[in-house]
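Notes for the one structure printed next.
Every number in this text was worked out from the coordinates using simple rules, so none of it is lab data. Since the structure is predicted, the reported quantities are computational estimates derived from the model, not experimental observations. Positions of Cβ are backbone-derived with ideal geometry, glycine not excepted, and every protein chain shown enters the neighbour counts.
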Amino acid sequence: MRIAVVGSGYVGLVAGACFADLGHDVILVDNDQSKLAALRNGEVPIHEKFLPELISRHRGKRLNFSDDLKEAAKLSSAIFVAVGTPPTERGDADMSYVESVAREISGGVDDYKVVVEKSTVPVYTSGWVRKIILRNGADPDLFDVASNPEFLREGTAVTDFLFPDRIVIGCDTDRASAVLREIYAPLTSGTYYEGADAIPQLDNVSIPPALIVTSTKSAELIKHASNAFLAMKISFINAVASVCEAVGADVNQVVHGVGTDSRIGNRFLNPGIGYGGSCFPKDVMAFRAVAREHGYDFRLLDEVMRINEDQRQRFLRKIHNALWTLRGKRLGVLGLAFKGGTDDIRESPALFIVQELLREGCTIRAYDPAASKRAHEILNSSVTFANSPYEAAQGADALLILTEWEEFANLDLERLRQELRYQIVIDGRNLYDPEVMAAHGFTYYSVGRPACLPDGLPPGVLRHSKKA
Ligand code: UGA
């Protein structure tokens, strides 16, 4: 099938490359000429596992790039809209990019097409998109608007796309649903997975994925409700972590005990310095706003956001408690991305903490396996960038772990100990076992677990302090 994907951000680029891998002919449309030129040259603008491989496999063959949306719409049976829906000052989503794309698509509707919302959009967007396309002269019988929300995570976006738990298609006509079913048939029938060059599976999900067919409104809500629920899970466990700190319990043990209940599940229950990124903060706010607009006061979501903000402040207080004064302190920082596996620093809690510490007069040397370049554009020369975790730790008064990169969980602790001026580690992602850290001579603070002092301290000094 010939497919147009509008917008070459995370979602559009990954979806376009994956549709090509499923055997479709894809035109990826963007109005940013420099981005298009880079893509045509084989450059991949984001750090995403398997994406360079897919783009080089299909570029110039089943994956082409264009700035002509009307023409791409004309040539395609399905047009996926994956442009940004950034937050406005009021907290709702700015739908102006979606609107202008809908206007342009209308000029290309000369035989039957499905216009598919792929971006995260508020409920009722499909109704508006239809209205805009009609207002601009398209024949009402020649198109449908559908919703096909994306659940991919940055860092594992390609495998999330190709090995999803479920594929949700929200359609109000059989004609539209038939087009979307055909597009995803290689996944839902399982034939994609039999191919010799299929991308390998990372997570242990069952294949083929479930196909869930709903109304367009329900599909729009499924996306907002899924992200809000996941954010709520994170805020919930962060609140539990705070209770653990107050009473001297261990949140990791609590998570194990709670998450083993299959009704709850243990995923997205990792406590830390709060969620960030381009999705959860924006989507929780937008869902809150859309509910309010339709007469429901979803105050639970306010609390989810409040706990998330508070979590960063609590971590800053933890640093104060560990180091007393901050002016002039030299800190090593591991992680600037909003999570491991990505170079994305949008709404990164790590970056927020670094900026606060700079304001307090700290000197910072930071290391991130992928996000240093992007962070440098924001932080300029206020931070020194290291080439390894050990270099970041060199001569530091303490080491902070702010992003859950896998490589930060496997450091050579002996080497780290030698690099640091004081053997203090403040871990915002609970990557280490406190007992192990103490045995290696570290004073170790983490989230929702008692702080640990090193082994071999004089008798009478408690190994565990009461509060982290
Ligand atoms: C999120 C959703 O997980 C995807 O399903 C969705 O498609 C995507 O948003 C989107 O709407 O486009 P993403 O933002 O890439 O994906 O990242 P997540 O892995 O969900 O992590 C979000 C934040 O939560 C990160 O800052 C991460 O560190 C934090 N987090 C995650 C925790 O603090 N604890 C956890 O247990 C899990």
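Run the numbers on the chain and let me know its relative contact order in percent, using alpha-carbon pairs under 8 Å that are six or more apart.
11
Which of Arg267, Arg103, Arg314, Arg421 has the fewest other C-beta atoms within 10 Å, and how do the rest follow up to the most?
Arg267, Arg421, Arg103, Arg314
Going by amide H atoms built from the backbone, whose H comes under 5 Å of the H on Arg330, apart from near neighbours?
Hits under the 5 Å cutoff: Thr363, Asp397.
Find, among the GluC sites (Glu not before Pro) in the range 34-103, those assigned to loop by DSSP (not H, G, I, E, B) with at most 11 other beta-carbon atoms within 10 angstrom.
Numbers: sites: Glu43, Glu48, Glu53, Glu71, Glu89, Glu99; in loops: Glu43, Glu48, Glu89.
Hits after loop and neighbour filter: Glu43, Glu89.
What angle do you read, to the nearest 10 degrees and between 0 and 90, between the alpha-carbon axis of helix 10-21 and the longest principal axis of the chain?
60
Can you pull out the trypsin sites (Lys or Arg not before Pro) in the range 199-264 that DSSP calls coil and that have at most 16 other Cβ atoms within 10 Å?
Numbers: sites: Lys217, Lys223, Lys233, Arg263; in loops: Arg263.
Listed in order of number, the matching sites are Arg263.
Past the 18 Å Cα-Cα mark, which pairs from Lys70/Lys217; Lys118/Lys217; Lys318/Lys373; Lys49/Lys339? Kindly include the intermediate steps, with their values, before the conclusion.
Values: Lys70/Lys217 26 Å; Lys118/Lys217 13 Å; Lys318/Lys373 28 Å; Lys49/Lys339 14 Å.
Too far apart for the 18 Å limit: Lys70/Lys217; Lys318/Lys373.
Tell me the Rg and the Dmax, in Å, that the Cα atoms of the range 106-237 produce.
Just the Cα atoms of the range 106-237 yield Rg and Dmax of 16.4, 52 Å.
From the backbone phi of the range 150-161, what are the Karplus-calculated ³J(HN,Hα) couplings (6.51 cos²θ - 1.76 cosθ + 1.60, θ = phi - 60°) in whole Hz, Gly and Pro given as x?
Result, rounded to whole Hz: 9, 10, 6, 9, 5, x, 10, 4, 5, 6, 4, 5.
Can you order the peptides 319-325, 350-356 by their average number of other Cβ atoms within 10 Å per residue, highest first? Write out the running numbers ahead of the final one.
Working: 319-325: 14.4, 350-356: 22.6.
For the peptides 319-325, 350-356, the packing ranking is 350-356, 319-325.
Relative contact order of the range 244-310: what whole-number percent is it, with Cα pairs under 8 angstrom and at least 6 residues apart?
Numbers: 32 pairs, mean separation 13.7, N = 67.
Relative contact order of the range 244-310: 20 percent.
Using only the Cα atoms of the range 299-447, build the gyration tensor, take square roots of its eigenvalues as a ≥ b ≥ c, and label the shape rounded, prolate or oblate: rounded if a/c is under 1.5, else prolate if a/b is larger than b/c, else oblate. Spell out each step's value before the answer.
Values: a/c = 1.38, a/b = 1.22, b/c = 1.14.
Rounded, since a/c falls under 1.5.
Give the peptides 298-305, 432-439 in descending order of average Cβ contacts within 10 Å, highest first.
Numbers: 298-305: 16.2, 432-439: 17.8.
Top to bottom by mean Cβ count within 10 Å: 432-439, 298-305.
How would the chain be classified by its alpha-carbon gyration tensor: rounded, prolate or oblate, with rounded meaning a/c under 1.5 and the a/b versus b/c comparison settling the rest?
On the way: a/c = 2.14, a/b = 1.91, b/c = 1.12.
Prolate is the answer for the chain, as a/c is 1.5 or above and a/b outweighs b/c.
In a shell of Cβ-Cβ distance under 12 Å around Gly42, excluding Gly42 itself, what net charge do Lys and Arg (+1) and Asp and Glu (-1) give?
Working: positive: Arg40, Arg57, Arg59; negative: Glu43, Glu53.
Cβ neighbours under 12 Å give a net charge of +1.
On full extension of the chain, what length is gained from Ala409 through Ser381, given 0.36 nm per residue of separation minus the C-alpha to C-alpha distance? Before the final figure, lay out each step's value.
Details: separation 28, 0.36 × 28 = 10.08 nm, distance 2.77 nm.
Length gained, Ala409 through Ser381: 7.3 nm.
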